[in-house]
Each structure stands twice: as C-alpha cells, then as structure tokens.
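This report concerns only the one structure given below.
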Amino acid sequence: MRHETINNGEKKRVFGFALCSLLFTLCVPVDSQQPKKIARIGYLSDSAPARETARSEAMGLALRELGYIEGNNIVTEYRYAAGKVDRAPELASELVRLKVDIILIAGGPTQSRAAKNATTTIPIVMMGDGADPVETGLVESLARPGGNVTGITLLNRELGGKRLELLKEAVPKLARVAVLHDPANPYNKRELKEVLPVAARSLGLTIQPWQIQDANALEKELAAMGKQRPDGIYSTSSRQMIAIERRIAEFALKSSLPSVYAWREAVEAGGLMYYGADRADSYRRVAYYVDKILKGTKPADLPVEQPKKFEFIINLKAAKQIGLTIPPNVLARADKVIR
C-alpha cells in the first residue's frame, strides 16, 4: 500500500483554502440567500390623488429618512374615494384582501370606521383628522388605544375658539360672524353647538349659523347669507366644505368680508386667515408609527398623538383686497404671511 505524506507547507495551503471558503460563505450577503421582505402599505383616502400630494409626499420623505424606500423595501397601495363616502367599505375591503401590513387612513372617521370594520388584525394608522377618535369609538383612549387603530388626531374642531379669537383680534370691530357648516356632518354640529358659542360669548360675538346644503346652489346660498349682513365668515371643516373652499374664499373677497378657515388650502386660495395644526409636521409623524409597527410594536401600545405644532397663516393680499389693515401685533404672530 502506498502512503503519501503532506509536508507542512501543503498543510498550510489546504487549511488556508478551507478557511477562505468558510469566510466567503459567511460573507455572502443575506439578501442573496433569501428574498428581501417588502412591506405593503395600504393608503385609504377620502379625497382624490391631486389633493393628497402634500400629505403623501411629507410622509414619504419621513419614511425615506427612516430607511424605507418606495419600490425597494416598501410598496404603497393607494385607494381614493374621491369624495364618495359610500366607497370607503369597498376600498377598505380591497386593501384587506391584498394582505397589506398596515392601512393608513388619509381621511375622516368614515374611512377609519370602514377599515376597522374590515379587519381586526391589520394595524390601522390615522394620518390626522379633526374628529375625536375616542368619541367616534375608534379607540378606547388616546393613551391606550386598545385595538388595532392608532395614529394622529388633529382635533381640528376643538380649535374653533382660537380661530374666532384671532379673527376678532384682526378685526376689532367684528360683531357678527356667519358660520358656514355642513348640516349632515355631526362634528360640524358639535362645533357649532358646543365649541363656538362658548368662545363667542367671551369675545362678545354673535354667531349666525348658515347651512351649506347644496354645493350646486352655493352662490344663491351665500347671497342669502350675505343679506344677514355679517361682519365676517367662519368656515368649518368637512368634506363638503373643503370641496367648495375656493368658492367660499372668492365670495368673501367679493363681499369684502374677513374670513377664517379650518383648512389652510382655503387661505392659499384667497381666504384671509387659517389657524390649525401644522399638518405637514403631523403627516411626517405618521412615519414613526409605520416604523414602530413594522418592527413589531402593536397599535394598542402606541398612544394616539395630538398636534405638537400649530400654524397661523395670514393672506395680506386678501386683506388689501377687502380694505383691511391687520394690526401689527397680530401680523407678528403669523407663522406664514402671503404677500
């Protein structure tokens, strides 16, 4: 029998080759050995794509900062109700069938309720709405949501008193304010009955409620409201009111009436003043919830957050057009001035 011997040099070469092979195996990226996990996000909006740009872009940028890149490790499924409330259940069910990891609600309690009815297991994150999620039954409490719903609430209608106060400061002679509202919206009703009267009494203002029932006959309704001779306009926030915000702002300019809004886009469309949550900041905060949930935190353990930043916007172009001089102390408090 023939015996072969391996000298020390050959032993070293064999051992070196084996070690290199082992190290090469260990250094192969995990991604090449198993498919990368791509999170699927459902985005349920009560609006149309054009109106969602600012909200979705702010959130997308914040997600990128946390390492989530669209098409790489995250994919978003968008569904838009385009103002058709009855489509919410259908669109929510569609996202559930797609087995998304999270459903983001870019809209009001109707969309949140539809999503909650469609699933008790998929986490639902509110992107910011004026309705109180406790009052609407979406969560047990802000600190302890208790179910599969959490996120941001703007508590928009609770800010009504502050808006009246700012309007009064901007127009010291203000006495009668026409409050435009959607009679079909329960949260408009609450604002009108519980929030605004308290503030109006303390400011010495008279509230003149005015229902906007038919957007197609808006000009006639506004003309009828104008016969009450209000000194200013307060426009509430609802899907219908937002849809006609530009026309309301145009009427206010034409009638030389100072106006305050619960939606900043109305001021950008020609309205006089906006006060409310810094929505861009809130939208960015949504990325925090997405990140936490994708890393394993349960929605029930993530408290619902209220706005941390607010913004006051004044449209000086509109003020000039209606012949109003904004007092310097009010102007100095504005976060943004449109000139």
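The values are calculated or read from the model by the stated rules, or taken from the named source; none is laboratory data. This is a predicted model, so every value here is computed, not measured. Note: ideal-geometry Cβ built from the backbone for every residue, glycine included; neighbour counts use all protein chains shown. Remember, those area values only see protein heavy atoms, side chains included, never the ligands or the DNA or RNA. Shrake-Rupley method; radii C 1.70, N 1.55, O 1.52, S 1.80 Å.
In units of 2.2 N^0.38 Å, what is the alpha-carbon radius of gyration of the stretch 214-284?
Here the answer is 1.13, to two decimals.
Can you classify the stretch 124-172 as rounded, prolate or oblate using the Cα gyration tensor, where a ≥ b ≥ c are the square roots of its eigenvalues, rounded means a/c under 1.5, and otherwise it's prolate if a/b beats b/c and oblate if not?
Taking the square roots of the gyration eigenvalues as a ≥ b ≥ c, the stretch 124-172 is prolate.
Output needed for the stretch 193-339: three equivalent-ellipsoid semi-axes, defined as square roots of 5 times the C-alpha gyration tensor eigenvalues, in descending order, whole Å. Provide the component values of the computation, followed by the final result.
Working: eigenvalues 211, 73, 50 Å².
Result for the stretch 193-339: semi-axes of 32, 19, 16 Å.
Just the Kirkwood number for the chain, please: inverse of mean 1/r across all distinct Cα pairs, in Å, one decimal.
It works out to 22.6 Å.
Which whole-number percent gives the relative contact order of the stretch 189-276, counting Cα pairs below 8 Å spaced six or more residues apart? Numbers along the way, then the final one.
Working: 85 pairs, mean separation 17.8, N = 88.
Computed over the stretch 189-276, the figure is 20 percent.
Among the listed pairs Lys254/Lys317; Lys84/Lys298; Lys99/Lys298; Lys173/Lys317; Lys189/Lys254, which are separated by more than 25 Å between their Cα atoms?
Over 25 Å Cα-Cα: Lys84/Lys298; Lys189/Lys254.
If I stretch the segment between Gln321 and Thr121 completely, what's the gain in nm (0.36 nm per residue apart, minus their alpha carbon distance), one decimal? Before the final figure, lay out each step's value.
Values: separation 200, 0.36 × 200 = 72.00 nm, distance 5.32 nm.
My answer for the length gained is 66.7 nm.
Just the number: Rg to Rh for the stretch 49-148, Cα atoms, Kirkwood Rh, two decimals. Don't jump to the answer; show the numbers that get you there.
Numbers: Rg = 13.7 Å, Rh = 14.4 Å.
Result: Rg/Rh = 0.95.
Please report the base-10 log of the normalised intensity I(q)/I(0) for the stretch 179-229, using a Debye sum with one equal scatterer per alpha carbon and no solvent, at each q in 0.31, 0.32 (1/Å).
-1.12, -1.14
Given the protein chains as shown and a 1.4 Å probe, how many square angstrom of Ile207 are accessible, to the nearest 10?
About 40 Å², rounded to the nearest 10.
Counting only the heavy atoms of the protein chains, how much of Leu316 is accessible to a 1.4 Å probe, in Å² to the nearest 10?
Taking all protein chains as shown, Leu316 has close to 40 Å².
Going highest first, how would you order 301-313, 101-113 by mean Cβ packing within 10 Å?
Descending mean neighbour count gives 101-113, 301-313.
Once you have the alpha carbon radius of gyration of the stretch 90-245, what is it after dividing by 2.2 N^0.38 Å, with N set to its residue count?
For the stretch 90-245, the normalised Cα radius of gyration is 1.23.
If you take the Cα Rg of the stretch 272-339 and divide it by 2.2 N^0.38 Å, with N the number of residues, what do you get?
Taking the Cα Rg and dividing by 2.2 N^0.38 Å, one obtains 1.65.
Order Thr325, Thr236, Thr206 by their accessible area, 1.4 angstrom probe, all chains in place, largest first. Intermediate results must be reported in sequence, preceding the final value.
Numbers: Thr325 115, Thr236 10, Thr206 75 Å².
So, going from the largest accessible area down, we get Thr325, Thr206, Thr236.
What whole-number value in Å² describes the accessible area per residue of the chain for a 1.4 Å probe?
Using a 1.4 Å probe on heavy atoms only, each residue of the chain averages 51 Å².
Check which residues have an amide H placed less than 5 Å from Val179's amide H, if you skip close sequence neighbours.
It is Gln208, Trp210, Tyr234, by chain and number.
Per DSSP H run of at least 4 residues, take -39500 (n - 2.57); add these up for the chain, divide by its residues and hand me the 222 nm value, nearest 500 deg cm²/dmol. Before the final figure, lay out the partial values.
Details: 15 runs with 140 residues, N = 339.
Mean residue ellipticity, 222 nm, calculated: -12000 deg cm²/dmol.
With all protein chains present, how much of the accessible area of the chain (probe radius 1.4 Å) comes from carbon and sulfur, to the nearest whole percent?
Using a 1.4 Å probe with all protein chains present, the chain comes out at 54 percent carbon and sulfur.
Which one, Leu205, Pro172, Ile38, is farthest towards the positive end of the dipole of the chain when Lys and Arg carry +1 and Asp and Glu -1 on their Cβ?
The residue sitting most towards the positive pole is Pro172.
In square angstrom, rounded to the nearest 10, how much accessible surface does Val75 have for a 1.4 Å probe?
Accessible area of Val75: about 50 Å².
Looking at the chain, what % of its DSSP beta bridges pair antiparallel, to the nearest 5?
10 percent
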